[in-house]
Every structure is written in structure tokens, then in C-alpha cells.
Amino acid sequence: MNKYLTEVLVKVRLDNPHEPEFIQAVEEVLVSISEFISDNTKYLENGLLERIVEPEKVFLFRVPWIDRDGKVQVNKGYRVQFNSAIGPYKGGLRFHPTVNLSILKFLGFEQTFKNALTGLNLGGGKGGSNFDPSGKTDDEIMRFVQSFAIELSKHIGANIDVPAGDIGVGGREIGFLFGQYKRLRDEFSGVLTGKGLTHGGSLVRTEATGYGVVYMLTNVLEHFEETIVGKRVLVSGSGNVALYTIEKLIELGAKALTVSDSKGTLYFKNGITKELLEEIKELKFVKRGRLSEFKNKTGIEYIESKSPWDIKADIAIPCATENEISEEDAKTLVNNNVRYVLEGANMPTTSEGYEVFRKNNIVFVPGKAANAGGVAVSGLEMAQNSQRESWSFENVDMKLKSIMKNIHTQMVENGTTGSNVDYVKGANIAGFRKVADAMMAQGVV
Ligand code: NDP
Ligand code: 2IT
């Protein structure tokens, strides 16, 4: 790696010793842009690299709330405002017991380059809480969210920072946040995205991340002169990203074989049908149940405590969480002849897993490109809110398709050597250039 970049990475390691996920994300980007930086030494000036790996601001706050037994509970609330070089901070909120600063900084860092790839003017941010929504009543969720919003509202705004959903945060939570923000500020604005359609949400936002992943897949397959029809696909997770990925896979004629949650995997030997998908949606989105409740149906196997990665398939799309594909998992996928991996989740592949894919020439599309459809439609929701307009489903979907195609083109342009496309390199260089050029133009800030 370029000597200067190595020094930056050493500093990041020393400055953030307890943040392994953040260091992992920074290392992945710096390694893949190293050659580009050596050829474009202007990016070594003005401490640009030292600045780009440091969040502009981080807020950490106490979130007290009262549970259903009248007991006071206390959680940590965060907002990481990573980079505003190309637009207001933008990125989701995650509610999950594993949330900590390392995870939110890695997500904010990734978001910065992802948002640049969309071609929209969106900076990068991320936030959330170590609050665990599972098993909570709607009232508990509302009380927690209202308390969280009291502090968060001081730092966000339609032209400052626009949060959205992520793990554990969907339409219900965004609705409560929006209501409390409006009450605190006396302002009806596009301060959050992923809103319900009744109060300024955009059509397609719910489906956007998953649909976008599959639009990216079709671009990739087309590039390699293959078709999606009949492809066998492993999907992990059973949340927003996973289930809308599966919906689009089914629509385009692929066979989605699996869903999973933190307790196990459901394997549908003949592929998930539209009807089965509706049942899974009902179970996960309405009843908020576990996949284990699906067992005992014919042709469907519930595999407890296991991820989907040892089932034979052509394509893997991890859509649950970070570092869910280990080195062992990657080797199993390679041995089973999986040839394409698209990251629906953010950084679901460990560094060791990625090395296995790279050495075996697996076509690998990183999360910042593959899952950018969600934030892209969030950007379109902001545009609609600013114009006080609501666009049709077809219009938003068409724009989403074109954004995903454009991201694919940028990766090919920036990541091709000879006949080989390195999508990781392509995504990182394309995203970096856009953010870095804006930072250079704005001086040392
Ligand atoms: P959801 O909360 O809707 O679903 C999360 C899914 O992942 C659930 O099935 C959950 O299982 C599983 N999961 C979460 N944490 C873990 C864990 N530690 N171990 C195993 N399984 C886990 O979240 P989303 O679908 O919105 O997000 C999934 C991924 O996609 C995340 O990486 C997120 O950052 C990324 N993403 C989301 C976007 C969006 O628009 N929502 C946009 C771009 C990326 P269980 O219920 O058992 O916890
Ligand atoms: O990781 C992500 O891109 C998201 N969770 C969506 C962010 C957004 O602002 O829509």
C-alpha cells in the first residue's frame, strides 16, 4: 500500500483502538484506493485523507424511558455526522443491542461514499441506540422513540441531517420520530425519510434497498452476459432488505432459496413463491415473530442456529448484518460454486471472507454500491418533500433503476483492468473522488 496511506491507517488504528469495525471499513477503502492515490498525488495534500477518516461531529446522549412495568430504563443514543462535503448528512438509525460507536462510525464512513455513488447531493451520517426493540410493546417503542427524539431533534433538520431507518427502525419508528420532531419544532418538513405515505413518504422507499440490490444484480449479470432467470440465490436476513430483495428476485424469475434470522435459517427447497413470501412478510412485519414458527411445512426446512451459506446455489446476497460471512463461510460458498456475491447488508463479509472471494475470482459487489438503492430513494423522498410533490411508483422505480445502472457504470469505469472488473476498487475510487474533490474545493474544514 502507498506509504502515506499506510501512515493514515496506522493513525486510525492508534486513535480508535476499540473500534474494530470502523478500522475494518477504513482499511478496506484505503487499500483499494491506494494505487489510484499514488497516481493522483493531489489527494495527499491538505490533510485530506486524515480528514476524510474522521467524523465531522459525534453526538452521544442518554435516553431515559419508562417501561411497561413502570421501571426507568436508560439507553445510549448516538448520531455520527460523518461528512457533509457534498450535501446534508444522510443515513439511517439503527436500534439493536449491539450498537456502539465503532459500528456507527463504520456505517457513517461507508454511507459517505455510498451516498456519493448515488449521484445525489447527500453527505454521510448514521445513528441509533443500543435499545433492543424485540419483545417491546408499541407503547414502549413510542416512549423510547419520543425520548430519543428530544435530544436527536437538536442536531437534525431538512437541510442539516436527515435520518432514516436501518436495523430495528422501520415505518413505525420513523412515524413516532417524525411526530415528536414536528411537535418539538413546529415544523412539517422532510427531516426524516422512510416516512409513511400519509405524511410525506415516497412510494418505493420501503422496497428500494432490496429492489435496488436486484437491479444491480441484473446489471452485473448483463455485464457477464448472463441472465437472472433460473438462478439459485441464497439470501440471509428476513427484514426489510432481505424480503424486498426476494420479492424482486421472484418477479424477475430467479429462485430465492433461503431467509434467516439471528436464530436460524429457513430453506425452501423449491424456491420461495409469492404466496410464501407474503406469509413470511406477515410473520415478520405484522406479527413480528420468529422464522422458527414456520417449521413443519412441506418442502421447507428450518435449520436452527445456522446461516444459509452451506446450501448449493449460484448467487449469495447477505442481507442481515455486518461480518456475517466468515472465512469458512466464504470457502464453503466458493466450493459450492457460488460465483456472485452482492452485499445487501453493510459490510456483511469479513476481511478474511473477502480475501477468499478475491483469490477465487468471485464477482463481488460491495454494500456501498449494491445496497445504495435505499438511500437513493431517500434522496428522492427529500426532493419530493422540498417540492411538495408526490411522484408515482413507476416514476420513482424508473429513477431507482437508472441510479443503480449508473453506479454499475461508475464501478466498471473506475475498477476495470484489462478484462477484469474489480467492483470494490471501482466503488471506492468513484465514491472517494466525488467526496474528495468537494472537500478540496472547500478548503481545510
Ligand atoms: P431489519 O431490522 O429490517 O432486519 C434485520 C434482519 O437481520 C433480521 O432478519 C435480523 O434478525 C437480522 N439480524 C440483525 N442483526 C443480526 C445479528 N447480529 N445476527 C444475525 N442476524 C441479525 O433491517 P434491514 O433489513 O433494514 O437491514 C439489514 C442490513 O441492510 C443492515 O446491514 C443494514 O445496515 C443494511 N441496509 C439497510 C437499508 C435500509 O434501507 N433498511 C439500506 C442499506 C443497507 P433478528 O430479527 O433475529 O434480529
Ligand atoms: O445503510 C443505508 O444506506 C440505510 N440504512 C438507508 C439510509 C437512508 O438514509 O435511507
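Each reported figure results from applying straightforward, stated rules to the coordinates on display, with no laboratory input. As the structure is a prediction and not an experimental result, all values here were calculated from the model. Note that each Cβ is placed from the backbone with ideal geometry, even for glycine, and that neighbours are counted across all protein chains shown.
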For a quick size check, give me the Cα extents of region 67-145 along its three principal axes, largest first, whole Å. 47, 22, 16
Given a Förster distance of 25 Å, the FRET efficiency implied by the Cβ-Cβ spacing of residue 198 and residue 132, rounded to the nearest 0.05, works out to 0.35
The extension gain from residue 60 to residue 160, computed as 0.36 nm times the residue separation minus the Cα-Cα distance, is 34.2 nm
Which FRET efficiency value, to the nearest 0.05, do you get for residue 440 and residue 298 by plugging their Cβ-Cβ distance into 1/(1 + (r/R0)^6) with R0 = 56 Å? 0.40
What list of whole percents do you get for P(r) of region 86-199, with Cα-Cα distances grouped in 10 Å bins up to the one holding the largest distance? 15, 47, 33, 5
Using a Gaussian network for the chain with springs between C-alpha atoms less than 10 Å apart, which of these wobbles most: 142, 411, 382? 142
Hull surface divided by four, with the convex hull built on the Cα atoms of region 22-112: how many nm²? 7.1
Distances over 23 Å make up what percent of all Cα-Cα pairs in region 224-350? 23
Does anything in region 288-321 have its amide N under 20 Å from the 7 Å Cα→Cβ label point of residue 419, and if so which residues? none
In Å, what Kirkwood hydrodynamic radius results for the chain from the alpha-carbon pair distances? 22.0
Using only alpha carbons, build the gyration tensor for region 203-267 and give me the equivalent ellipsoid semi-axes, biggest first, whole Å. 20, 15, 9
With all pairs of different alpha carbon atoms counted, what Kirkwood hydrodynamic radius in Å does region 154-264 show? 15.9
Given 0.36 nm per residue, what is the gain on full extension from residue 38 to residue 395 after removing their alpha carbon distance, in nm? 124.4 nm
Summing Lys, Arg as +1 and Asp, Glu as -1, what charge do residues with Cβ under 12 Å from the Cβ of residue 150 carry, residue 150 excluded? +4
Need one number: nm distance between label points at residue 328 and residue 187, each 7 Å from Cα along Cα→Cβ, rounded to one decimal. 5.1
Order of 86, 317 - criterion: other Cβ atoms within 10 Å of each residue's Cβ, fewest first: 86, 317
Which length gain, in nm to one decimal place, applies between residue 310 and residue 6 when the Cα-Cα distance is subtracted from 0.36 nm times their residue separation? 105.8 nm
A correct fewest-to-most ranking of 388, 143 by other Cβ atoms within 10 Å would be 388, 143
Label-point separation, residue 360 to residue 281 (7 Å along Cα→Cβ), nm: 3.4
Cut-off 10 angstrom, C-alpha nodes, Gaussian network model of the chain. Which of 431, 128, 230 fluctuates the most? 230
Cα pair distances in region 323-445, grouped into 5 Å bins until the bin that holds the longest one, percent each: 2, 10, 16, 18, 16, 15, 11, 7, 4, 2, 0
Ranking of 134, 84 by count of other Cβ atoms within 10 Å, fewest first: 134, 84
Approximate shape of region 157-196 as ellipsoid semi-axes (Cα gyration tensor, √5λ), whole Å, largest first: 17, 12, 7
Using only the alpha carbon atoms of region 88-131, find the Kirkwood hydrodynamic radius as the inverse mean reciprocal pair distance, in angstroms to one decimal. 10.5
Mean residue ellipticity at 222 nm from the helices of the chain, using -39,500 (n - 2.57) per DSSP H segment of n ≥ 4 over the full residue count, to the nearest 500 deg cm²/dmol? -14500 deg cm²/dmol
Pairs of lysines in region 98-236 (C-alpha under 25 Å apart; 8 or more residues apart or interchain): 15
